[in-house]
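The values are calculated or read from the model by the stated rules, or taken from the named source; none is laboratory data. As the structure is a computational prediction, the values presented were derived from the model and not from experiment. FYI the Cβ positions are ideal-geometry reconstructions off the backbone, even for glycines, and counts take in every protein chain you see. When the accessible area is computed, the model is the full protein with side chains, heavy atoms only, and any ligands, DNA or RNA have been set aside. Shrake-Rupley method; radii C 1.70, N 1.55, O 1.52, S 1.80 Å.
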Amino acid sequence: MIASEKDLLRAKLDEARGALLWKLDGLGEYELRRPMTPTGTNLLGLVKHTASVELDYFGRVFGRPTGIPLPWFADDAEPNADMWAPADQTSAEIIALSRAAAERTAATIDALDLDAEGTVPWWARNPVTLRQIIVHVTAEYARHAGHADIVRELIDGAAGMRPDATNLPAVDGEWLADYRQRLEAAAHEAARRSDARVRIPA
């Protein structure tokens with residue numbers, strides 16, 4: 001049976017959300033919150049941000065308020081308040097927020113046609129359709145799932161697309177170490193050649 005457009009869009013959104021969430025598996029509180037880039041990117045913050053964004057887009061945009069407070073989105077909240085978790089906000093609470101967002105999104109998708117219109121207060125281009133918002137939020141999740149891929153690999157070396165399908169070559173650690181060395185050598189050689197070309201007089 002051929003799936004409907006709505007079912008296909010919903011499946012892709014669920015897949016992207018799941019790809020991000022499973023990057024938290026097996027880590028302790030420090031690893032979940034540890035800032036791994038100069039801008040502070042961390043796994044739990046990525047989940048907190050995307051869950052909050054999802055609640056807003058599938059709730060407020062379509063006049064379906066969720067009743068879930070998001071104080072980190074308040075006008076007086078500090079910058080990036082949605083991108084990290086204070087020590088008194090547990091990882092379980094943030095994971096529960098993500099699951100609540102998924103449930104409310106499913107209810108909105110079930111209740112509305114793909115052409116149903118809503119308004120995004122922070123966008124200039126309105127109205128929007130449910131179809132547009134599903135695609136937009138799926139892209140948001142996919143972007144941050146990519147961030148999570150890198151962050152998780154930096155934390156403990158774990159990598160891959162899904163637990164049951166990593167989409168990585170079946171190689172061992174020795175091969176990967178050699179592969180990385182070859183990439184490093186190629187980068188140095190390319191830089192050397194580029195520098196040599198710059199020094200050649202015209």
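List of remarks:
- Two-decimal ratio, segment 1-104, of alpha-carbon radius of gyration to 2.2 N^0.38 Å: 1.16
- Translational D in µm²/s for segment 83-202 (Stokes-Einstein at 4 °C, 1.567 mPa s, Kirkwood Rh from C-alpha pairs): 66
- Compactness of segment 105-150, expressed as Rg and Dmax over alpha-carbon positions, Å: 12.6, 36
- The alpha carbons of segment 57-120 give a radius of gyration and a Dmax of 13.8, 42 Å, in that order.
- Protection proxy ranking of 150-161, 100-111, 69-80, 118-129 - average other beta-carbon atoms within 10 Å, highest first: 100-111, 150-161, 118-129, 69-80
- Computed P(r) (all Cα pairs; the chain; 10 Å bins; percent): 8, 28, 29, 19, 11, 5, 1
- Rolling a 1.4 Å probe across the protein heavy atoms gives segment 54-135 an accessible surface of 56 Å² per residue.
- Solvent-accessible area assigned to carbon and sulfur over segment 1-141 amounts to 57 percent, based on a 1.4 Å probe.
- The order of the peptides 23-31, 185-193, 85-93, 139-147 by mean Cβ neighbours within 10 Å, most packed first, is 139-147, 23-31, 85-93, 185-193.
- For the chain, the residue among L32, I2, L55 whose Cα projects farthest onto the positive side of the dipole built from Cβ charges is I2.
- Cα gyration tensor category, rounded, prolate or oblate, for segment 30-69 with a/c compared to 1.5: prolate
- Each residue of segment 178-183 was assigned a 3J(HN,Hα) from its phi angle through the Karplus expression (A = 6.51, B = -1.76, C = 1.60, θ = phi - 60°), giving 5, 4, 5, 5, 5, 5 Hz with x at Gly and Pro.
- Within a straight-line Cα-Cα reach of under 20 Å, K48 can be paired with the following lysines, leaving aside sequence neighbours fewer than 8 residues apart in one chain: K12, K23.
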